[in-house]
Amino acid sequence: MIASGRSEAEVVEYFVRCVEVDMGMTPANYAAAQTTAAAIKAVSKPNGCNGSESEVTGRPMVDVAMIEPGGLFELAMIGLDEELPPPRAELTGWAAVNHLHRLGSREVLDLALAACVEPEPLRRRVGACILGQLGHAKIGFEPVFMEERYEGLTKLLAAEKAGPGDPAVLVDTCIALGHLHDPRAIPMLLQLGTHPEAGVRRAVASGLGGHLENEAVDGLILLSGDADEEVRDWATFELGQLIECDTPTLRAALHARLDDPSANIRGEAIEGLAKRGDRSVLPTLIRELHIGVSQPLLDAAIALATPDLCEALAAAKQGGLLVQASHGPFDLSSEWNEATRACGC
């Protein structure tokens, strides 16, 4: 899904963003994403659900091997919209979906495809969520049933647009298509770029992520100026961090976000420009570091690597390197140290 040449850290960053989109969460910054990654890791260790006691609850854990895929599907519909994964002893919602992903079997595929044409929206949503990452068991996985998954998701999206138009189904389907990273889906996604529901537009931004086709980049540029903050956040992140191309139009879109009301979006734009070697962003980066510290700002400092940033980095440290992430405080001291070394401070 990610363009070649990405570092391991960027791959992890993108993975966490995808997981957070799927679970309905909106990361405030990279520190929040890292905190969420730790939470996800805590509830999804390999061979974790084996009948032992849960490290989270101390209760007996579910033996997944004893549950048929159809049973897992029913469990997946319970708590699908919970912000945090359930305790490991409770195999519901996204915990059940993730186990179905790991099975990656024809039986699970058929269950998901059948669910996509069910009258109940929640069943269609679970079907889409399963199809999006079916077989995604580990980093370096081999894709399975790609054509069947693409056909099932695009048929669902077309039927939803023509019929019920349930926003939650549209959201999950757009995100699922993004996981497939098939450029044939770009036109269908773009048709929803002006949907009245902000959640749908945010899902479109997610679905377009990583595509280098001009139409996809133009769609993200449009969404980066959306009236909704979360939509702008995701589109700006996609443009700045996940797309390797560097054009005047893309840079102009990032420059347009340097005075965004959201500090998170300003940081994403600054980092995107810094990684493209745009030194005109230096005064804005200095301004933001005096306001406060964040992962994107420190990454931007590392990318620009200039002593001109030393005073601003010192001011950022004085303001405190412990930032509040979505699920608790996060210490950016090691990242700050790397930035000061890069800048020769």
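Taking a ≥ b ≥ c as the square roots of the Cα gyration tensor eigenvalues, with a/c under 1.5 meaning rounded and otherwise prolate when a/b beats b/c, else oblate, which class fits region 176-271? Oblate shape, in that a/c is at least 1.5 and b/c is the bigger or equal ratio. For E215, the solvent-accessible surface with a 1.4 Å probe is about 110 Å², rounded to the nearest 10.
Using only the alpha-carbon atoms of region 285-324 as identical scatterers, what base-10 log of I(q)/I(0) does the Debye formula give at q = 0.34 Å⁻¹? Debye curve over Cα of region 285-324, log10 I(q)/I(0) at q = 0.34 Å⁻¹: -1.31. The distance between label points at A256 and L322 comes to 4.0 nm (points 7 Å beyond Cα on the Cα→Cβ vector).
Residues whose amide H comes within less than 5 Å of that of A325, counting only those at least five positions distant or on another chain, are F330 (H built at 1.01 Å from N in the peptide plane).
Each label was represented as a point 7 Å from its Cα along the Cα-to-Cβ direction; for R341 and E151 these points are 5.3 nm apart.
The residues of region 188-292 expose on average 38 square angstrom of accessible surface per residue, using a 1.4 Å probe on protein heavy atoms. Evaluating 6.51 cos²θ - 1.76 cosθ + 1.60 at θ = phi - 60° for every residue in region 214-222, the Karplus couplings come out as 4, 5, 5, 5, 4, x, 5, 4, 5 Hz, glycine and proline recorded as x. Taking 0.36 nm per residue of sequence separation and removing the Cα-Cα distance, the E142/A305 pair yields an extension gain of 54.9 nm.
What FRET efficiency would be calculated for the residue pair T194, A162, taking the C-beta separation as r and a Förster radius of 30 Å, to the nearest 0.05? Computed FRET efficiency for T194 and A162 comes out at 0.95. On region 122-281, 55 percent of the accessible area sits on carbon and sulfur atoms, based on a 1.4 Å probe.
The values are calculated or read from the model by the stated rules, or taken from the named source; none is laboratory data. What you see is a predicted model, and the numbers here were worked out from it, not measured in a lab. Cβ coordinates were reconstructed from backbone atoms using ideal geometry, including for glycine residues, and neighbour counts include every protein chain displayed. Keep in mind that these areas ignore ligands, DNA and RNA; they rest on the heavy atoms of the full protein, side chains included. Shrake-Rupley method; radii C 1.70, N 1.55, O 1.52, S 1.80 Å.
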